[in-house]
1. When the residues of the range 168-189 are filtered to those that are in contact (Cβ under 8 Å) with a residue 24 or more places away in the chain and under 20 Å from PHE113 (Cα atoms), which remaining residue is surrounded by the most Cβ atoms within 10 Å (Cβ to Cβ)?
2. Every residue in the range 381-412 that is outside any helix (DSSP H, G or I), among the hydrophobic types (A, V, I, L, M, F, W, C), out of contact with any Ser or Thr (no Cβ under 8 Å at 6 or more places or on another chain) and crowded, with 16+ Cβ neighbours inside 10 Å, please.
3. Among (1) modelled with pLDDT under 95; (2) over 30 Å from ILE285 (Cα atoms), where does SER352 come up short?
4. Checking ARG295 against (1) under 30 Å from PRO125 (Cα atoms); (2) among the charged types (D, E, K, R); (3) touching a Pro at 6+ places or on another chain (Cβ under 6 Å): exactly one of these is not met. Which one?
5. When the range 192-237 is examined, which residues are found to be of a type in the set (Ser, Thr, Tyr), within 20 Å of LEU124 (Cα to Cα) and either crowded, with 22+ Cβ neighbours inside 10 Å or without any contact (Cβ under 8 Å) to a residue 12 or more places away in the chain (or both)?
6. So, LEU258, is that one part of a loop (DSSP other than H, G, I, E, B) and aliphatic (A, V, I, L, M) or not?
7. What's the number of the only condition in (1) within 14 Å of the chain's Cα centre (by Cα); (2) surrounded by fewer than 23 Cβ atoms within 10 Å (Cβ to Cβ) that ILE285 fails to meet?
Amino acid sequence: MVLCAMRSPEKGQGARARDETAIEMSLTPNPALRSCAVCGSTRKLPIFRQAFGAMSSGGLLTGYDVVACADCGFCFADGIPEQAVFDGYYAEMSKYEHQDSGGHESTYDLARFRQMAAFIEPLLPGPDTRILEIGCATGRLLALLKDRGFVGVTGVDPSPSCAATAERLYGIQVTAAKISSIPFAAGTVDFIVLAGVLEHIRDLASALGELVRLLSPAGRLYVCVPDASRFSQGEDAPFQEFSVEHINFFGPASMMNLMRSRGLSELACRQEMMEVSFRTRTPVIHAAFQASAARTPLVADSETASGLHAYVAQSQKADHRIHQTVSAIAAGGEPVLVWGAGMHTLRLMQTSRLKDAKIAAFIDSNPHYQGKAIDGIPIIAPGRVRDHAEPIVISSRVYQEEIARVVREDLKLPNRLIRLYDMDSS
């Protein structure tokens, strides 16, 4: 496997990182402010301010500051709730249950899991390896490993519904628990899988401490996270990588540093593009680590912050065109429906004239959203669109064509569709 290249910091970078542009945090404790999970510094450099509208209930946050640690370069969301708020959100509002498809993932998700299983398999010592996936959702990745002959698979997920679905579909035992209270004895796990998890965790230091506790003396850990150093190479809606749920932005160097700081040494790392939906690819990092008593020095991450600045500039350019379309909808004064009540819509409600449009209702297939409201406007299930004749604004890039298909083929509705994205040219 190819190791990720990590550049050494340029001469003078440390001094520049400590100049007057750093944000000096107050000595007064503020639970919303985070210190760097890698090096512990409270010195931060601003990158972007993300903002969202709010749901009537069940929402997670209304915005945060994207910052870079002025000392080691790790990038993260600052000014966010405590970990307990995130734990409650993922237990009650999980969108990974796939309730609208009986717990089955999309073909794109299945392809992603197969990529991960192919990376993981050579790292597993044998068929009896005790494998634990944390944040396993409905258990499909574990099922793939089980199909490859690894019988000792189990999972943990904060959603009781996900745990029940994994048992029903694949016969895999999944415990409903948060990462800080996994009911396993110390040293009883040989291999931990974290697929799309670390970018969601506020208290990374506590989480990594728990994982190290679970690992056997020669235990290994697999991680897959979005590659923030290359967000500008991805294909998605503007600013979509700064989502409601993603609060840590790893480049390869920051990932290596985080693991090194917790006594884990790298075994392998690969950067690649992963297709997550129709004409939508995102850069990811696959990496593996092994328990080690040695703690190697950190190497400053000089690439991720500059990569995020490039991503912000790219997103701002794309956002301008979308705002023009939204402004025209608002100025026209015609009542519309907005299909999509997730992060894409919440951001537009806060940053564009979408809030000025005459929105009759929002539509979303996620049952956790249905019955709630945004700015007092109800969120309804797709089946209730039959009661409406208004044009439908599709507020999603990833699912734009799928939503259009559902409207025309499944629901057989004549409503005019307003797309925000030209998928042929994007």
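1. So the residue we want is VAL174.
2. Selection gives ILE392, VAL393, ILE394.
3. Status for SER352: all satisfied but (1).
4. Against the list (1) under 30 Å from PRO125 (Cα atoms); (2) among the charged types (D, E, K, R); (3) touching a Pro at 6+ places or on another chain (Cβ under 6 Å), ARG295 comes up short only on (3).
5. Across the range 192-237, the qualifying residue is only TYR222.
6. Details: part of a loop (DSSP other than H, G, I, E, B): no; aliphatic (A, V, I, L, M): yes.
It is false that LEU258 is part of a loop (DSSP other than H, G, I, E, B) and aliphatic (A, V, I, L, M).
7. (2)
Yes/no per residue for (1) hydrophobic (A, V, I, L, M, F, W, C); (2) more than 30 Å from ASP301 (Cβ to Cβ); (3) in contact with a helix residue (DSSP H, G or I) (Cβ under 7 Å, 6 or more places away or on another chain):
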{"position": "LEU141", "(1), (2), (3)": "yes, no, yes"}
{"position": "LEU145", "(1), (2), (3)": "yes, yes, yes"}
{"position": "GLY152", "(1), (2), (3)": "no, yes, no"}
{"position": "ALA164", "(1), (2), (3)": "yes, yes, no"}
{"position": "LEU169", "(1), (2), (3)": "yes, yes, no"}
{"position": "THR175", "(1), (2), (3)": "no, yes, yes"}
{"position": "LEU194", "(1), (2), (3)": "yes, no, no"}
{"position": "ARG230", "(1), (2), (3)": "no, no, yes"}
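The values are calculated or read from the model by the stated rules, or taken from the named source; none is laboratory data. Small disclaimer: the values here were computed from a predicted structure and weren't measured. Cβ coordinates were reconstructed from backbone atoms using ideal geometry, including for glycine residues, and neighbour counts include every protein chain displayed.
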